[in-house]
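What follows is a single structure, written as structure tokens, with notes after it.
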Amino acid sequence: MHQSHENPTNTQTPRQQPFTASDLPIDEHGRVYHLQITPEQLSPDVIIVGDPGRAQVIGNEFFNDLEVEHEHRGLVTITGTSTLSGQPTTLITPTKTTVTTSGMGTPSLEIVLQELQALNEIDFNTRLRKEHAPALRIIRVGTSGGLQASTALGTPIISSYAIGMDNSGLFYEAPFSDEHSERLESELADVLTRATPEGYRFRGKIHPYVSQVHPKVVQALQEAASNLGIDVKVGLTVSNSGFFAPQGRDVSRLKPTIPDIDHVFAEWDPHVDGQRVENMEMESSFLSHFLGGLGYWSGAICPAIANRRDDTIDHNYQEAVRNSTNIALLALSQLRKQYP
């Protein structure tokens, strides 16, 4: 059973309140430090993307009546009224939505998600946590490398579980989201150790963390894709700490610690409803682990723009990203109606 998501602030009591200026930097305009937006400029429904350019495209193509359009430190945040691109407007209830940038990798994402949490949960005037705050709904729209030969280029992949090969999640003590997460975490530690050659310095030291993506978000994404007539795959997603050796790309003069790690994950059977490890990217692990621990609703849909088994890449992948964005916005619209 997935952990409760009814009370997003039902977590460990913070060490110190009100939060100090050094722990929670807020500028003279009442804006959080990195994103540089105020609490009123954030919607409870958020699309998060890695590429700031993609945030701008989504804002321009999918949003009307823009309330906020701001860039700071490469982080673009836009809030407006969401619509679908190239689809009947009756499919979606136009509602205030935010798109923001996570940057590349979980270290940057950690900063952004913490600031989104602060914007939602903390009174910036008193620096105290609010007694009640709504659960944010956040869906990542990104790109990824497909690991299964049967998954066609451009297929949007909906994450059911997120496997963290980074270490950002290790700094947040969130409980296991379900029994599969605990089993997968233990099994994968053994799988990765066996895949590392004897005598390698870091053999046995790479331990993944695993979390279940919120089942209601997975379901909403699947239903949205079906309504739009877009074929998708559902499976496990690996989030790596980098793009090259962490994902099995052996192009450096230094040997990768785990040779052909993409093959290792592609061939491993997680024994979860017949699903396989479908893709690799760099953010979904912390998204699911951190937001799930808070009781927030999150998910990820990332088209496979490369197929690691066929060694192919889709250079014209923007249509796949557009399809994934339509799916994510429609899913948020349905979740908003069902679980306001």
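The values are calculated or read from the model by the stated rules, or taken from the named source; none is laboratory data. All of these numbers come straight from a predicted model, not from anything done at the bench. Cβ atoms come from the backbone with ideal geometry, glycine included; neighbour counts cover every protein chain shown.
The table for this structure:
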{"quantity": "Positions within the range 79-108 being modelled with pLDDT of 95 or more, of a type in the set (S, T, Y) and either surrounded by fewer than 15 Cβ atoms within 10 Å (Cβ to Cβ) or in a loop (DSSP other than H, G, I, E, B) (or both), in sequence order", "calculated": "S102"}
{"quantity": "Given (1) basic (K, R); (2) buried (at least 16 other Cβ atoms within 10 Å of the Cβ); (3) not in a strand (DSSP E or B), number of the condition R140 does not satisfy", "calculated": "(3)"}
{"quantity": "Some residue of the range 299-321 being closer than 30 Å to F171 by Cα, of a type in the set (G, A, S), assigned to a helix (DSSP H, G or I) and touching a residue at least 40 places away in the same chain (Cβ under 8 Å)", "calculated": "no"}
{"quantity": "Hits in the range 33-66 - residues which are in a helix (DSSP H, G or I), of a type in the set (A, V, I, L, M, F, W, C) and surrounded by fewer than 23 Cβ atoms within 10 Å (Cβ to Cβ)", "calculated": "V57"}
{"quantity": "Test for I230: is it modelled with pLDDT of 95 or more, closer than 26 Å to T325 by Cα and in a loop (DSSP other than H, G, I, E, B)", "calculated": "yes"}
{"quantity": "Test: residue in the range 30-49 that is over 24 Å from the mean Cα position of the chain (by Cα) and either modelled with pLDDT of 95 or more or not aromatic (F, W, Y) (or both)", "calculated": "yes"}
{"quantity": "In the range 271-295, the residues that are under 14 Å from V213 (Cβ atoms), part of a loop (DSSP other than H, G, I, E, B) and in contact with a helix residue (DSSP H, G or I) (Cβ under 8 Å, 6 or more places away or on another chain)", "calculated": "E283"}
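Residue by residue, here is whether (1) surrounded by fewer than 15 Cβ atoms within 10 Å (Cβ to Cβ); (2) at pLDDT 95 or above; (3) hydrophobic (A, V, I, L, M, F, W, C) holds:
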position: D273; (1), (2), (3): yes, yes, no
position: F286; (1), (2), (3): no, yes, yes
position: F290; (1), (2), (3): no, yes, yes
position: W297; (1), (2), (3): no, yes, yes
position: T312; (1), (2), (3): yes, no, no
position: L329; (1), (2), (3): no, yes, yes
position: R336; (1), (2), (3): no, no, no
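Okay, residues lined up against (1) of a type in the set (A, V, I, L, M, F, W, C); (2) out of contact with any Phe, Trp or Tyr (no Cβ under 7 Å at 6 or more places or on another chain):
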position	(1), (2)
E223	no, yes
D231	no, yes
L236	yes, no
N240	no, yes
T257	no, no
W268	yes, yes
G274	no, yes
